Amino acid sequence: MVGAGFAGLSAARALQDRGVATTVLDARFEPGGRVRSSRLPNGSVIELGGEWIMPGDAEIRTLCDRFGLALAPTRTDYRRRTPAGPGAPSLAAFESAVASAATRLATLDVGTVDAASIADFLDGIDTDPGAVATLRMRLQGTCAVDLARVPLASLEPGDLSLDRAEYLRCEEGNQSVAVAIADSLADVRLRHRVTRVRQEEGSVRVFAERADGREVTVSGTAAVIAVPVTIVPEIAFEPPLPVGVSAALRERPMGVAAKLAVAIEPGARPRSVQSARIPMWCWIAAGADGRTRPTLTSFCGSPAAVRALKVAGGDPTVWLERLRELVPDVALEGRARLQVWADEPFARGAYSALDAPGRDRLPLLQERWGSVAFAGEHVADPDHVGTMEGALRSGRHAAQLLIELLV
């Protein structure tokens with residue numbers, strides 16, 4: 001198993017449940033991948049990576065039940081956000097623009113949807129320009145790439161919904177799911193960066209470099225490659241992967257995103273707030289006890305957002321200024337925690353986006369190639385790409401592909 005994020009751990013757990021011995025290798029010093037939990041000095045648990053457990057996310061709920069991990073409602077909305085900041089439309093105008101977009105999408109024929117990008121689609125919405133601009137910021141932030149690169153076919157009906165729903169998080173942090181799975185496995189080796197995967201007759205050899213520079217080799221019957229799509233091309237495959245598979249991995253767009261969390265004075269009301277001019281938003285949510293957490297968390301997505309907030313070098317100053325514009329009634333306290341995923345050496349991005357070629361090539365990544373299968377959020381079905389749930393499901397799928405070789 002190459003990768004101790006949600007996908008690799010899910011695959012290893014599924015195989016071990018079937019009686020298959022597994023070894024998990026990961027370059028990082030802790031399990032979890034792009035799901036990373038931490039604490040602020042005031043004790044609040046924060047998520048610097050994957051955060052939202054969505055309605056219908058059955059896989060992660062099952063694992064939490066299995067390992068006795070408590071889930072808590074956030075009491076704030078992922079989709080229903082209030083526009084704020086300079087140039088923000090009224091909530092009523094924003095709601096009207098979202099409704100107009102949903103109506104227009106429902107009337108388009110399949111050919112039009114297949115040929116257009118989300119950017120093209122938004123250009124055709126004839127309503128309050130400020131409200132449409134805010135919707136553009138919301139969708140671009142979510143996709144984490146320029147919307148001209150994202151096919152309209154990738155837009156789900158829920159993306160144009162402001163319906164209320166219950167969103168959950170793990171009380172002790174979402175990374176606790178990864179830690180629990182890793183602790184249940186027989187052989188997880190951290191600080192092992194995989195460099196080569198060699199398929200031989202009836203076996204697979206995986207070569208890794210340890211933190212001390214020594215090379216180690218792990219041999220087995222099959223392997224799951226569950227590292228970010230940006231990292232897979234750095235692994236040498238012998239024999240080489242088929243051209244189509246290699247292109248599907250190498251050319252898949254990777255979203256650019258960052259997260260920031262900062263302590264706030266107790267007593268602020270829960271909320272979800274969308275910037276009208278930058279692909280960023282922020283929220284104040286409930287804690288495990290149901291009371292509002294003294295934490296403001298913010299997410300920005302797409303290269304335009306990272307440029308506007310000037311966080312590429314790890315400086316949160318501009319971002320904090322923008323947050324004060326969005327929530328002027330909230331007093332920020334102490335030093336902010338900032339995670340820029342493009343700067344993370346073992347991720348180099350936040351999560352993948354599905355452009356038109358990526359959608360066409362996705363089935364190639366969901367097949368077994370010899371004794372190798374792929375897993376990760378970039379291998380998930382379109383409605384779960386880029387999510388924790390998608391990563392977990394992809395791991396189980398990869399394990400199932402290999403079962404016939406292993407059992």
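Output yes when any residue across segment 270-291 is of a type outside the set (Asp, Glu), out of contact with any Lys or Arg (no Cβ under 8 Å at 6 or more places or on another chain) and closer than 30 Å to Gln366 by Cα, and no when none is.
Among the residues of segment 270-291, not one is of a type outside the set (Asp, Glu), out of contact with any Lys or Arg (no Cβ under 8 Å at 6 or more places or on another chain) and closer than 30 Å to Gln366 by Cα, which makes the answer no.
Any idea which residue in segment 140-174 is nearest to Ser302 (Cα to Cα), counting only those that are surrounded by 18 or more Cβ atoms within 10 Å (Cβ to Cβ) and among the acidic types (Asp, Glu)?
Restricting to residues being surrounded by 18 or more Cβ atoms within 10 Å (Cβ to Cβ) and among the acidic types (Asp, Glu), the top hit is Asp146.
Can you name the number of the only condition in (1) in contact (Cβ under 8 Å) with a residue 40 or more places away in the chain; (2) open to solvent by 40 Å² or more (accessible area, probe 1.4 Å); (3) of a type outside the set (Ser, Thr, Tyr) that Pro240 fails?
(1)
Go through (1) out of contact with any Ser or Thr (no Cβ under 7 Å at 6 or more places or on another chain); (2) more than 26 Å from Gly301 (Cα to Cα) and name the single condition Glu59 misses.
Here Glu59 clears every test but (2).
Enumerate the pairs (first residue in segment 78-92 and farther than 9 Å from Ser275 by Cβ and at pLDDT 95 or above; second residue anywhere and part of a loop (DSSP other than H, G, I, E, B) and open to solvent by less than 40 Å² (accessible area, probe 1.4 Å)) with beta-carbon separation below 7 Å, excluding pairs fewer than 6 apart on the same chain, so at least 6 apart or on different chains.
Once the first residue is farther than 9 Å from Ser275 by Cβ and at pLDDT 95 or above and sits in segment 78-92, its partners that are part of a loop (DSSP other than H, G, I, E, B) and open to solvent by less than 40 Å² (accessible area, probe 1.4 Å) give Pro89/Ala276.
Need a quick list: strands (runs of 3 or more DSSP E) entirely within segment 167-252 having at least 1 residues that are in contact with a strand residue (DSSP E or B) (Cβ under 9 Å, 6 or more places away or on another chain) and of a type in the set (Ser, Thr, Tyr).
Fully inside segment 167-252 and qualifying: 192-200, 203-210, 215-220.
Name the residue, out of Asp123, Asp128, Asp163, that is farther than 18 Å from Glu389 by Cβ and free of Cβ contacts under 8 Å to residues at least 12 places away in the same chain.
None of the others qualify; the one that does is Asp123.
Looking at Ser37, is it among the small types (Gly, Ala, Ser), open to solvent by 20 Å² or more (accessible area, probe 1.4 Å) and touching a Gly at 6+ places or on another chain (Cβ under 6 Å)?
yes
Taking into account only those residues within segment 334-363 that are at pLDDT 95 or above and assigned to a strand (DSSP E or B), which is nearest to His397 (Cα to Cα)?
Ser352
In segment 347-363, what residues are open to solvent by 70 Å² or more (accessible area, probe 1.4 Å) and either closer than 26 Å to Arg28 by Cβ or basic (Lys, Arg) (or both)?
Arg348, Arg359
Can you report the number of residues in segment 122-166 which are among the aliphatic types (A, V, I, L, M) and part of a helix (DSSP H, G or I)?
Number satisfying all stated conditions: 12.
Within segment 13-33, track down each residue that is within 20 Å of the chain's Cα centre (by Cα) and crowded, with 24+ Cβ neighbours inside 10 Å.
Across segment 13-33, the qualifying residues are Asp26, Pro31, Gly32, Gly33.
Kindly check whether there is at least one residue in segment 364-385 that is touching a residue at least 40 places away in the same chain (Cβ under 8 Å) and of a type in the set (Lys, Arg).
no
Mind checking which residues of segment 364-407 are assigned to a loop (DSSP other than H, G, I, E, B), in contact with a Leu (Cβ under 7 Å, 6 or more places away or on another chain) and either among the acidic types (Asp, Glu) or surrounded by fewer than 18 Cβ atoms within 10 Å (Cβ to Cβ) (or both)? Please lay out each step first, then the result.
Of segment 364-407, the ones assigned to a loop (DSSP other than H, G, I, E, B) are 366-368, 370-371, 375-376, 380-381, 385-387, 407.
Narrowing the set further to residues that are in contact with a Leu (Cβ under 7 Å, 6 or more places away or on another chain) leaves 368, 371, 385.
Correct list: Arg368 only.
If I ask for residues that are in contact (Cβ under 8 Å) with a residue 24 or more places away in the chain, in a loop (DSSP other than H, G, I, E, B) and either over 29 Å from Ala70 (Cβ atoms) or open to solvent by less than 10 Å² (accessible area, probe 1.4 Å) (or both), which ones from segment 282-330 would you list?
Ala285, Gly287, Ser302, Val311, Ala312, Gly314, Pro316, Val327, Asp329
Just to be sure, is Ala102 without any contact (Cβ under 8 Å) to a residue 60 or more places away in the chain, open to solvent by 20 Å² or more (accessible area, probe 1.4 Å), touching a Pro at 6+ places or on another chain (Cβ under 8 Å) and farther than 28 Å from Gly290 by Cα? Quick ask: steps written out before the conclusion?
Details: without any contact (Cβ under 8 Å) to a residue 60 or more places away in the chain: yes; open to solvent by 20 Å² or more (accessible area, probe 1.4 Å): yes; touching a Pro at 6+ places or on another chain (Cβ under 8 Å): yes; farther than 28 Å from Gly290 by Cα: yes.
Against the criterion (without any contact (Cβ under 8 Å) to a residue 60 or more places away in the chain, open to solvent by 20 Å² or more (accessible area, probe 1.4 Å), touching a Pro at 6+ places or on another chain (Cβ under 8 Å) and farther than 28 Å from Gly290 by Cα), Ala102 qualifies.
The values are calculated or read from the model by the stated rules, or taken from the named source; none is laboratory data. Owing to the predicted nature of the structure, the values given are computational and were not obtained by experimental measurement. All Cβ positions, even for glycine, are placed from backbone atoms using ideal geometry, and neighbour counts span all protein chains on display. Side chains are part of the model used for accessible areas, which takes the heavy atoms of the whole protein and leaves out ligands, DNA and RNA. Shrake-Rupley method; radii C 1.70, N 1.55, O 1.52, S 1.80 Å.
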